[in-house]
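Enquirer: There's a structure below that I have some questions on.
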Amino acid sequence: MDLLPRSPGEFGSARYWDRFFRQRGQRPFEWYGTFPELCPVLHKYVRPRDKVLVVGCGNSELSEQMYDVGMCEDIINIDISDAVIRQMQERSGSKRPKMSYLVMDMLQMDFPDAHFQVVLDKGTLDAILTDEEDATLAKVDKMFAEINRVLQVGGRYLCVSLAQAHVLKKAVEYFSQEGWFVRVHQVDSSKDKQQFVLPVFVYVMTKFRKIPGSALQILEICPEEQDKPMRVESAERLVAAVKDRQHYALLCSQLSKTPCGEQVSLDLCDKESGRPRYTLHVVDSPSVKPSRDNRFAIFIIPQGRETEWLFGTEEGRRQLATSAGFGRLVTVALHREQHYEGMAGIQAELSGKVMELAPPGLPARQQVPFLSVGGDIGVRTVQHCDTSPLSGEYVVEDVKGDGSCYFRRLIFLRNRNVVQSEARLLASVPLPGQKKRRKDKKKPSPTEPPTAIDKSYLCCEHHKAMVAGLCLLEGPNPLPGDKAVLVVGLGGGSLPLFIHDYFSQAHVAVVEIDPSMLEVATCWFGFSQGDRMQVHVSDGLDYVAKLAAEGTVSQSIPAQYDAIMFDVDSKDLTVGMSCPPPAFVEKPFLQKVKTILKPEGVFVLNLVCRDIQLKDSVLATLREVFPLLYTRRIEGEVNEILFCQPSPEGRRDSTELGARARALEQDLRQPGLPWDSSYVLADMLQAVKIL
């Protein structure tokens, strides 16, 4: 039986609805949810003594059920279909004497002004507003004007809708401009009996007296899982908030039916602030043979470890899911701005929500395990947060790694999944000449992070590779006498600090564009300046250009350097290269770099580029300027370290590089200075390739 209209315009035709209800017969047709689903919202806005008008009533049982449960009895139902009104009069006439049914066009109602406290619309607005043609919009304006006319001040227009963007936008804009209070509720539908994939919403428009010249708008949204509404500042934000919930419903529907080929990510936000509280990634492992106990699990990533390869990359999460042995694994990252009440608290908070992401065929009462590393949620302590005009918002935080190790990290919040700088922490020790306080007998808590910076430890693999690249310097000994090193990009200062401390005769100049980073490095990462270490707050582009143009600027700044290192991030996240900024690898600038580099020197560049074409272009430009080019990929990361030399005569094979690396490491292992035993320079150069 064909009950659908030939065109959307027929939804406004009395002839269509007469034919529809004659063909359907006595069976109620429920648009958008049943009374039990709508009741929790309706009972907040419909009082027993209210006079209620239901527009476009159809043969829905909604009015009858409202009457029967005592929600209200003074209900007038109208519809343009004579057939359905006769049907409903026969069905309810004797049973519900205070409720009436009338054939009436809601665009031209016969009721007096301010006659009702509630106008209820279940799907009627959606049926009329099928497009945004002028004729359709004019019809909707007439509908809204009539609702405005028949409602008392303080009355409510309750509209049950699927909230298509153009429908919601039209309703919100119209009534908010009239000075009405607007609130949108999401209906908590029964997932197993839900008629539509998209969730159902109820617009609650409360009529206030319009104040001439007032632009005040009160807009709120009330998600299904909470009663407390959230205020939003504009109609656009309200539409966007509804769209987010619709996308989530579509995602859950898709995940409940088929395995996801690609990893799916989503944020769950805090109810009070609206800020992200959890970031979830849904990972399916087709290679895992499903059984009753390994279909689905939740993995809580310890705080501060979400940037690690295993948890922070698609490949890492795929490996994690496979090794955990579950067909679907949802990883959960915790946000630094939020407070968590341990693993049990997180489990209680997430249990209901994550079940919406369950794989196909999971039994409704299946127990889903919550997993983590070591069974806890980790430790994260934010030590400092601020905003830089150049780098934006940033935080310095201490996090617990594997075992008992703690690390201090600098994070730029514009790219919160990337660790900008990192240093290992040591237990605090008294400074030379400083005595331990005898009165303080309190032992440090095992969960309390240490505070001293371990300057001997390079946390970043790309920093280790950059240091190892100094083996390419000419001469029988990698470190003959004084060396002048230029580092562009300070961050936390770990790289220049290591070179300063272990290359005992090196003079290090650091160029940093952001003065805030010098303050961060000094206050939080143990960085300090001295005779052999100077920081110049300047744009690296300008600094290099000035040196190339003028030669020696002062006695403290050499005209040429033995080594130049670029470890500078790009502030422009729209480019497929996050390190360095594109201007640093343009040919004219690279020629200036070559000008201030000694003929036997080495230029070391940290390249982070996801755009394959852009990367090929950068490598081609480097080869045009530097005849000898080595590359070292950092395993598990996007970073690629490039070693560039002005002369092709310095070319060395892997055997010679390994020998020089072992010799350099022997020189660097100085008495009185600790050395990280896991840092083997020769290993860093094993994978070096000549381009």
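The values are calculated or read from the model by the stated rules, or taken from the named source; none is laboratory data. Everything numeric in this text was worked out from a predicted model, so none of it was measured. Ideal geometry is used to build each Cβ from the backbone, glycine not excepted, and the neighbour counts take in all protein chains shown. Heavy atoms of the whole protein, side chains included, go into the accessibility calculation; ligands, DNA and RNA do not. Shrake-Rupley method; radii C 1.70, N 1.55, O 1.52, S 1.80 Å.
Enquirer: Of the conditions (1) open to solvent by 20 Å² or more (accessible area, probe 1.4 Å); (2) in contact (Cβ under 8 Å) with a residue 12 or more places away in the chain; (3) within 19 Å of LEU413 (Cα to Cα); (4) within 22 Å of the chain's Cα centre (by Cα), GLN347 fails just one. Which one is it?
Expert: Single failed check for GLN347: (3).
Enquirer: Look through region 293-302, keep the residues that are open to solvent by 20 Å² or more (accessible area, probe 1.4 Å) and touching a Phe, Trp or Tyr at 6+ places or on another chain (Cβ under 8 Å), and return whichever of them is nearest to MET230 (Cα to Cα). Can you show your working first?
Expert: Residues of region 293-302 that are open to solvent by 20 Å² or more (accessible area, probe 1.4 Å), as a first pass: 293-295.
Filter once more, so that each one left must be touching a Phe, Trp or Tyr at 6+ places or on another chain (Cβ under 8 Å): 294-295.
On the way: ASN294: 38, ARG295: 36 Å.
Selected residue: ARG295.
A quick yes/no check of all residues on (1) open to solvent by less than 60 Å² (accessible area, probe 1.4 Å); (2) of a type in the set (A, V, I, L, M, F, W, C):
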position	(1), (2)
VAL239	yes, yes
SER265	no, no
ARG277	yes, no
PRO286	no, no
SER291	yes, no
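Enquirer: Determine if region 296-309 includes at least one residue that is free of Cβ contacts under 8 Å to residues at least 24 places away in the same chain and of a type outside the set (Lys, Arg).
Expert: yes
Enquirer: Could you tell me which numbered condition VAL197 fails, if it satisfies all but one of (1) of a type outside the set (Lys, Arg); (2) in a helix (DSSP H, G or I); (3) closer than 22 Å to THR34 by Cβ?
Expert: Every listed condition holds for VAL197 apart from (2).
Enquirer: Filter region 62-103 for residues that are out of contact with any helix residue (DSSP H, G or I) (no Cβ under 7 Å at 6 or more places or on another chain) and acidic (Asp, Glu); which is most open to solvent (accessible area, probe 1.4 Å)?
Expert: Among those that are out of contact with any helix residue (DSSP H, G or I) (no Cβ under 7 Å at 6 or more places or on another chain) and acidic (Asp, Glu), it is GLU90.
Enquirer: Scan the strands (runs of 3 or more DSSP E) fully inside region 463-544 and keep the ones with 3 or more residues being in contact with a helix residue (DSSP H, G or I) (Cβ under 6 Å, 6 or more places away or on another chain) and surrounded by fewer than 16 Cβ atoms within 10 Å (Cβ to Cβ).
Expert: On the way: elements: 483-488, 506-512, 533-537.
Hits in region 463-544: none.
Enquirer: Continuing with the same structure: Do we have ALA521 as of a type in the set (Gly, Ala, Ser) and more than 31 Å from the chain's Cα centre (by Cα) here?
Expert: Against the criterion (of a type in the set (Gly, Ala, Ser) and more than 31 Å from the chain's Cα centre (by Cα)), ALA521 does not qualify.
Enquirer: Before we move on, is PHE584 touching a Gly at 6+ places or on another chain (Cβ under 9 Å), surrounded by 15 or more Cβ atoms within 10 Å (Cβ to Cβ) and assigned to a helix (DSSP H, G or I)?
Expert: yes
Enquirer: Right, next: Which condition number does GLN254 fail, the rest of (1) over 16 Å from GLY352 (Cα atoms); (2) touching a residue at least 60 places away in the same chain (Cβ under 8 Å) being met?
Expert: (2)
Residue-by-condition table, conditions (1) touching a residue at least 40 places away in the same chain (Cβ under 8 Å); (2) closer than 30 Å to ASP514 by Cβ; (3) over 21 Å from the mean Cα position of the chain (by Cα); (4) open to solvent by 40 Å² or more (accessible area, probe 1.4 Å):
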{"position": "LYS353", "(1), (2), (3), (4)": "yes, no, no, yes"}
{"position": "VAL368", "(1), (2), (3), (4)": "yes, no, yes, no"}
{"position": "GLN383", "(1), (2), (3), (4)": "yes, yes, yes, yes"}
{"position": "ASP398", "(1), (2), (3), (4)": "yes, yes, yes, no"}
{"position": "GLY403", "(1), (2), (3), (4)": "no, no, yes, yes"}
{"position": "LEU426", "(1), (2), (3), (4)": "no, yes, yes, yes"}
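Enquirer: Which residues, counting only those in region 148-174, are over 22 Å from ASP244 (Cα atoms), surrounded by fewer than 18 Cβ atoms within 10 Å (Cβ to Cβ) and of a type in the set (A, V, I, L, M)?
Expert: Result: VAL153, single match.
Enquirer: Right, next: I need every pair where a residue in region 159-187 that is closer than 15 Å to LEU38 by Cβ has its Cβ under 9 Å from the Cβ of a residue that is modelled with pLDDT under 90 and polar (S, T, N, Q), sequence separation at least 6 or different chains.
Expert: Short answer, once both residue conditions are applied: LEU162/GLN246; ALA163/GLN246.
Enquirer: Of all residues in region 405-417, which are touching a Phe, Trp or Tyr at 6+ places or on another chain (Cβ under 8 Å), surrounded by 15 or more Cβ atoms within 10 Å (Cβ to Cβ) and hydrophobic (A, V, I, L, M, F, W, C)?
Expert: Those that are touching a Phe, Trp or Tyr at 6+ places or on another chain (Cβ under 8 Å), surrounded by 15 or more Cβ atoms within 10 Å (Cβ to Cβ) and hydrophobic (A, V, I, L, M, F, W, C): LEU410, ILE411, PHE412.
Enquirer: Filter region 121-148 down to the residues that are assigned to a helix (DSSP H, G or I), over 25 Å from VAL52 (Cα atoms) and under 38 Å from the mean Cα position of the chain (by Cα) and list them by number.
Expert: Once the filter is applied, which keeps residues that are assigned to a helix (DSSP H, G or I), over 25 Å from VAL52 (Cα atoms) and under 38 Å from the mean Cα position of the chain (by Cα), region 121-148 yields only LEU137.
Enquirer: Can we say LEU250 is on the phi < 0 side of the Ramachandran plot, modelled with pLDDT under 90 and open to solvent by 30 Å² or more (accessible area, probe 1.4 Å)?
Expert: Taking the combined requirement at face value, the residue satisfies it.
Enquirer: Something else: Conditions: (1) in a helix (DSSP H, G or I); (2) among the small types (Gly, Ala, Ser); (3) within 22 Å of VAL239 (Cβ to Cβ). ALA163 meets all but one. Number of the miss?
Expert: (1)
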